[in-house]
Structures are given as C-alpha cells and as structure tokens.
Ligand code: FUB
C-alpha cells in the first residue's frame, strides 16, 4: 500500500471514530474501564466528577484516580489525584473518598489502613487541593479520626452540609454509623450541646457506605447492606425531619439484577443543580466475575414517586443519556 493510501486509511478511521463517539447516545455501564468502587459523584462548575476507590488488593490501594465529564457520556481520567507518598500515616486500603468544596478549596476525606482496633494507626483523613482534579496533599499530617466510637470502624465517611451551613461527617463500618459535627476549618469536631461528639444514628440492617441529602425539606439517609464481597450487597434508605433521625428503614432501592450484574451498592447521588434530576452512582460486579475486588463504577437514573419515596432503581447496561450542565 502507498503512503498516500495509508494516510487516507488513517483519516477515514479517525473520521469514523469521531462519528461513533458523537453518535453515542448513552454513557454505557460501566462508565469507564478499570476496577473502581465506592464512587462519590458530584458537580463542580460545568463538570461532573466521580471519585472512586481503586478496587484492588489492600496493599495496592495506595492512590486514587478521579474522573470528570461535561456530558455524562465521555469521561476523562485524572490519574493519582492523591497517593500515600503525600500521606505519611497511610500505607494501604485508601477507601471511599468524599469530596466537598469550601471557600475555593477542595477537601477530600478518605479512609486508610482498614484499622481493626484502636491500637492500629490509620482511620479517616482529610486532603486538600486548589482544584477538583488535585493534586491533593495531606491537610492535617495525621488522621482526623483514628479510633472506634459506638462500635463504628472509622471508614466510609460522607460529608454533609446542612441547611444552616453546618458541615457534618457521617461515617462508619462494622454495622454502626455515627454523625459528628465538623469544625468550620475541618481540623476536628465540635461537641453537641450535651457535650458528646459521636452521635449514633444506625438504622436497621445498616452495614456501611452512608449518604445523606435534603429534598423538599426532608432528610434522606441511604446506606449499604450485606457483604460487599458478595452478590447480595444492596442500598436501602430512610427519611426523617432531622439529620439525627430517627431513621426508620423504608426499603431497598438498589440491588443485583440476575440479568445485569451482582453486588450493586456503596453509592452516591448526583443532583443536576437547580433541578429535580437525580443520578445514582454505584459499583457492581459484572456477571462474569466473582472476585470481591472486581467492582465497576456505573450510573443510572434515580426517581421519586409523588409521595417523595425513592423508586427502586433499574440497573442497566445502557447507563444514562447525555446531560450537559448549564454553568
Ligand atoms: O472498597 C472498600 C470497602 O468496600 C468500602 O469501604 C466499603 O464500603 C465497601 O464498599
């Protein structure tokens, strides 16, 4: 083949791939390649962001990647937004990032080391960056929380901003969930009026992966149930009038579908700003896989009924339609 023919062939392939990409109508599930779990989805400016756990053996979980998109279809990978070279006290099992923007800075809360007792080093830490894609550096030089309280393993932190501007950290593994009041600069915790710091809000069947949001003035609390390494992992929820509950379990909204995937859980929600459009971002295990770490990040629509109850999510291979942000 001549050089001219070769160039023509390359050009044709390029044009065809551009056409395929722009014709792509839905995101597809999983959203991107690789084993990624516990995804935290959010919006910064005119981009969607997803911060997942890198799902590998604990000793290899020494960094985190993030992903961003302008339309939910095409995702860009931001490699190693943080790694343990920037967090001296962390050496494995960097898990379940939670991100919040405050006063122009981005705070990434994460767990590290999978501590099994108060004698071990590790727990929940905070990192900070000037941009959502990092690089993040250790904010405190030590964990924010490194002990068990009310039986809760210090993992799976979620940061929630209440209507009055107060930030709370809701966290906990080992079937216990606490809510703590964060200091304004995220360097520690404020006690409640009664002098206590760790308030337990564990609902029935709670295991880990808490998430909270407000809709129509009500506090929705969601969490994961079952074992994350197995097929029956799932997400349930409750609704209350306050972030402290009481949270009466309403039912399951996300779970495996024998036609699609198993182990669907540890999720977060993305609300399109100024709308009532919601997406659920979660991990699941492809039907071809049984290894506990083979978890992939997916996204589907989440809807409410007229009473404000969450409709059970249909997990799909198609994912979600193109949705740009107006900012
Ligand atoms: O990815 C590590 C752990 O698996 C998370 O902390 C749990 O919530 C479970 O998803």
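The selection criterion, being more than 17 Å from residue 297 (Cα to Cα) and within 16 Å of the ligand (Cβ to nearest atom), does not hold for residue 240. If the condition is being away from the ligand (no atom under 16 Å from the Cβ), under 29 Å from residue 273 (Cβ atoms) and not in a loop (DSSP other than H, G, I, E, B), then region 190-226 contributes 190, 213, 214, 215, 218, 219, 220.
Report yes if residue 203 is farther than 21 Å from residue 100 by Cα and either buried (at least 20 other Cβ atoms within 10 Å of the Cβ) or at pLDDT 95 or above (or both), otherwise no. Judged against the criteria, residue 203 is a match. Could you look through region 111-124, keep only residues that are farther than 18 Å from residue 212 by Cβ and within 14 Å of the ligand (Cβ to nearest atom), and pick out the one that is farthest from the chain's Cα centre (by Cα)? This residue is 116.
Note on region 117-140: residues that are in contact with a strand residue (DSSP E or B) (Cβ under 8 Å, 6 or more places away or on another chain), in a loop (DSSP other than H, G, I, E, B) and more than 27 Å from residue 296 (Cβ to Cβ) total 3. The set of residues in region 91-109 being in contact with a strand residue (DSSP E or B) (Cβ under 9 Å, 6 or more places away or on another chain), more than 14 Å from the ligand (Cβ to nearest atom) and farther than 16 Å from residue 65 by Cβ consists of 91, 100, 101, 102, 105, 107. Which members of region 134-155 meet the condition of being crowded, with 18+ Cβ neighbours inside 10 Å and within 26 Å of residue 76 (Cβ to Cβ)? Of everything in region 134-155, those that are crowded, with 18+ Cβ neighbours inside 10 Å and within 26 Å of residue 76 (Cβ to Cβ) turn out to be 134, 136, 138, 139. Under the condition of being without any contact (Cβ under 8 Å) to a residue 60 or more places away in the chain and closer than 27 Å to residue 28 by Cβ, which residue from region 299-313 is surrounded by the most Cβ atoms within 10 Å (Cβ to Cβ)? Among those that are without any contact (Cβ under 8 Å) to a residue 60 or more places away in the chain and closer than 27 Å to residue 28 by Cβ, it is 302.
Consider residue 281 carefully, then state whether it is more than 16 Å from the ligand (Cβ to nearest atom), at pLDDT 95 or above and surrounded by 14 or more Cβ atoms within 10 Å (Cβ to Cβ). No; evaluated as a whole, the condition is false for this residue. Can you pull out every residue in region 70-97 that is touching a residue at least 40 places away in the same chain (Cβ under 8 Å) and over 15 Å from residue 135 (Cα atoms)? Across region 70-97, the qualifying residues are 70, 71, 72, 73, 74, 75, 88, 89, 94, 95, 96.
Residue 57 passes every criterion in (1) more than 13 Å from the chain's Cα centre (by Cα); (2) surrounded by fewer than 23 Cβ atoms within 10 Å (Cβ to Cβ); (3) without any contact (Cβ under 8 Å) to a residue 40 or more places away in the chain apart from (3). Give the residue that is farthest from residue 63 (Cα to Cα), with candidates limited to residues of region 152-180 that are away from the ligand (no atom under 16 Å from the Cβ), in contact (Cβ under 8 Å) with a residue 40 or more places away in the chain and part of a loop (DSSP other than H, G, I, E, B). Filtering first and then ranking leaves 163.
The values are calculated or read from the model by the stated rules, or taken from the named source; none is laboratory data. Since the structure is predicted, the reported quantities are computational estimates derived from the model, not experimental observations. Note: ideal-geometry Cβ built from the backbone for every residue, glycine included; neighbour counts use all protein chains shown.
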